[in-house]
1. With heavy atoms of protein chains only and a 1.4 Å probe, what residues of the range A:76-92 have at least 10 Å² less accessible area in the full set of chains than alone?
2. Calculate how many DSSP beta bridges within the protein assembly as shown are antiparallel, expressed in % of all such bridges and rounded to the nearest 5.
3. Given a 10 angstrom Cα cut-off, can you work out which residue in A:E151, A:E327, A:E101 is the most mobile in a GNM of chain A?
4. What residues have an amide H closer than 5 Å to that of A:H246, excluding those fewer than 5 places away on the same chain, when H is modeled at 1.01 Å from N in the peptide plane?
5. Between the range A:1-58 and the range A:62-111, what is the C-alpha centre distance in whole Å?
6. Just the number, please: Stokes-Einstein D of the range A:196-323 in µm²/s, Kirkwood Rh from C-alpha pairs, 10 °C, 1.306 mPa s.
7. Evaluate the charge dipole of the protein assembly as shown about its Cα centre and quote only its size in Debye, nearest 20, assuming +1 on the Cβ of each Lys and Arg and -1 on the Cβ of each Asp and Glu.
8. For chain A, what is the calculated [θ] at 222 nm in deg cm²/dmol (nearest 500), taking -39500 (n - 2.57) for each run of four or more DSSP H residues and dividing by its residue count?
Amino acid sequence: MLVYKSLAHPELVGTYVQPFTLDERLAHSQQAIKELGTTMPWLVDQMDNRLKHALGDRPNSEYVIDPLGKIVRKRAWSNPGEVRKDLEELVGKVKKTTLPEDLKLNVVPPLAQSAPKGDLAPIPRAGLFPIVIKPQLDKDGDLFYAKLRCEADPPLIDEGKGKLYLGFHLDPLHRAHWNKLQKPLRFELTAPEGVKLSATTGESPKSSSENDSAPREFLLDVNSWPADKTIQLTVAYDACTEDLCHSVKQTYVLSRQRDQDGGRAKSAGFRVLTLEQMTQRLLAGDKNGDGKLIKEELNSIQQSRFLDYDFNKDGVLEKDEIQTMAEQLTASAESKE
Amino acid sequence: MRITLFMAMTALLTMSPAAAWAQRNPKKEAEFLITRPVVGDPLPELTVYTPEGKEFKTADLRGHYTVLTFGCLT
């Protein structure tokens, strides 16, 4: 049973961002089920990730629970091979072992944005960490078509002086894009006494594309932010869906505190493999060095995709098939254009 | 006895296998194993949801073996 919780790496596979509401998280879990083509049952953690916290707070941990509700195995990182052994020990061997290809998973790509990425250059975010933000949700209000991602460098989190990243990322769930005929996104920060910022307002540059989906990003210097003070951020933007543009105004409260459930975003230090590195990673398993891969030369997760790439069904991945696999794995890890 | 075996097929194709992770992070793995709840403890009783949004109590998992694996879209 998979327990769906906060995103470990926002923006890494597709352009998914942390959901703000339970409905959005449920939609994520349903999308994940669709993407993986799986029929296994899932659970969805509450928005405060309480089950994840109660079970050791790891992104991909695994537990085996016995019929009395007692934990009989645990590991920090899920391992399908080991869990199979666990169940053989606990329950007994099965007559027929289910192999990944027996599952016939109908894998589909992540949700794409409704417009191309455009030409606005992203702000580098290496070494930045997410901080706690509270969107002011209003059940009768507009959708959060664009969601704030707020990150800070360690000096700001620890001592109140450093870099503050504000990024407004379109949520692919809501199918909106920016349109250059509309007013650019603008934000305003309301800071209490004692907070000193390099800017308290900002307006995003315009993209030259008619429609685009690039995040609207800002990097501020914070000269002083006492840990017990919060900053209010109000943002106004026009999010355009298929038939109309929605003028939206939304508010957040920012705290100078690391968000332990925020995940590491792609450009904030989580490394995405290049095509060459992905190819090398796949070929690392090529034990006999013939430049081809048989299933046993791949790791268990890669093995589950073996048949998807063995186009001529000869049981061997040849050079062109390895190339296609590497291209698709790299593409799925990159933000969709 | 009904066995509930579900493979961890998350969108983790770009990540290293579990064994490699444990090897690279022996301290984290060791810390995790001694963090409560440990083997032998009961599964915490909490309410979560099904993907359709219905409440689900972890206590309702009793009666058969269950593998719980955490994951997400990314």
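The values are calculated or read from the model by the stated rules, or taken from the named source; none is laboratory data. Note that the structure is predicted; figures quoted are calculated from it, not measured. Quick reminder, even Gly has a Cβ in these numbers, built from the backbone with ideal geometry, and neighbours come from all protein chains shown. When the accessible area is computed, the model is the full protein with side chains, heavy atoms only, and any ligands, DNA or RNA have been set aside. Shrake-Rupley method; radii C 1.70, N 1.55, O 1.52, S 1.80 Å.
1. For the range A:76-92, once contacts with the other chains are taken into account, A:A76, A:W77, A:S78, A:N79, A:P80, A:V83, A:R84, A:L87, A:L90, A:V91 lose 10 Å² or more.
2. The antiparallel proportion sits near 90 percent.
3. Most flexible of the set in this elastic network: A:E101.
4. Amide H to amide H, under 5 Å and 5 or more residues apart or across chains, A:H246 pairs with A:A239, A:C240, A:T241.
5. Computed from Cα coordinates, the inter-centre distance equals 19 Å.
6. Stokes-Einstein gives a translational diffusion coefficient of 79 µm²/s.
7. Computed charge dipole of the protein assembly as shown: roughly 860 debye.
8. My calculation for chain A gives -5500 deg cm²/dmol from helical runs alone.
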